[in-house]
Structures are given as structure tokens and as C-alpha cells.
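In what follows, a single structure is set out as C-alpha cells and then discussed.
The values are calculated or read from the model by the stated rules, or taken from the named source; none is laboratory data. What you see is a predicted model, and the numbers here were worked out from it, not measured in a lab. A quick note on method: Cβ atoms are made from the backbone with ideal geometry, for glycine too, and the neighbour counts reach across all protein chains shown. When the accessible area is computed, the model is the full protein with side chains, heavy atoms only, and any ligands, DNA or RNA have been set aside. Shrake-Rupley method; radii C 1.70, N 1.55, O 1.52, S 1.80 Å.
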Amino acid sequence: QVQLVESGGGLVQAGETLRLSCEASGIIFSINTMAWYRQAPGKQRELVAVITGGGNTNYADSVKGRFTISKDNAKKTVYLQMNSLKREDTAVYYCNTASGRLAYWGQGTQVTVSS
């Protein structure tokens, strides 16, 4: 059974930092592609960052240079380091992976950035 458990969200002021964590179980973590998505109120869920099993990364244009995705295979955990946060980064952030044809999602963690 695949499980993704996020943590690390919270309320911060613009310009501050947060680090999100997502601990995975039930998958071969070292080879899976892991991703972070976010969904703001009234908007569609959007891809924020992705990291492949080999460690290649890609980012949404809106977060390039500010966010960094990384992973620790030993801990089966993927991270999202968020620097220079902006009000528009306010959203629920979800961890995502796939196994076979199925996509799996965490429960989400709220990030709120105030000005």
C-alpha cells in the first residue's frame, strides 16, 4: 500500500522560508519520480517541482530560483525547500508519485504566506 505523508506547512510572512517533507512508503523510493503540486483556492492543481529517481529536477517557472526539490533515499523522503516566499505561493501543497498506472497523493499541507 502506497502512502505519502506531508509535513512542514504553516503560516509565514513574505520573504521567509519553509521546508516541506513527504515521507513515502509502499514504493521503491529510489527509482520513483516524486513531485510536489499545489492548489490555491479557486484554482486548478499545478505542478511545482519534480525529481526523478536519478535526481534530475524540473520546476514551474513561477518558483524557479526560489524552490528546491531534493530527496533522501535512505529516509524515503522528498523535500521542497521554499525560499523568498510570496503571497501567491499560498496553497495546499501535495506530494505525488506513481506506481504502475496509478497516481498517489498525500493528504496535503497548507502553506499560507502573509504580506
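Side notes on the structure shown:
- Apolar share of the accessible surface for the chain: 46 percent from carbon plus sulfur atoms, 1.4 Å probe.
- Choice from R101, R45, R87 showing the highest fluctuation, given a GNM over the chain with Cα pairs closer than 10 Å: R101
- Within straight-line cross-link reach of K43, lysines at Cα separation under 28 Å, skipping those fewer than 8 residues along the same chain: K64, K71, K86
- Accessible solvent surface per residue of the chain, calculated while the other protein chains remain in place, 1.4 angstrom probe, Å²: 55 Å²
- When the chain is reduced to its Cα atoms, the Kirkwood hydrodynamic radius in Å: 14.0 Å
- Of all the options T97, T68, T52, the one that moves most in a Gaussian network model of the chain with Cα springs shorter than 10 angstrom is T52.
- Accessible area of I27 in the full protein assembly, 1.4 Å probe (Å², nearest 10): 20 Å²
- Each Lys and Arg Cβ is given +1 and each Asp and Glu Cβ -1; about its Cα centre, the chain then shows a dipole of about 100 debye.
- Among Q44, Q81, Q13, residue whose mean-square fluctuation peaks in a GNM of the chain (springs only between Cα atoms under 10 Å): Q44
- Remark: accessible surface ordering of V12, V5, V92 (largest first) is V5, V92, V12, probe radius 1.4 Å.
- Gain in span if fully extended, V2 to S99, counting 0.36 nm per residue against the direct Cα distance: 34.1 nm
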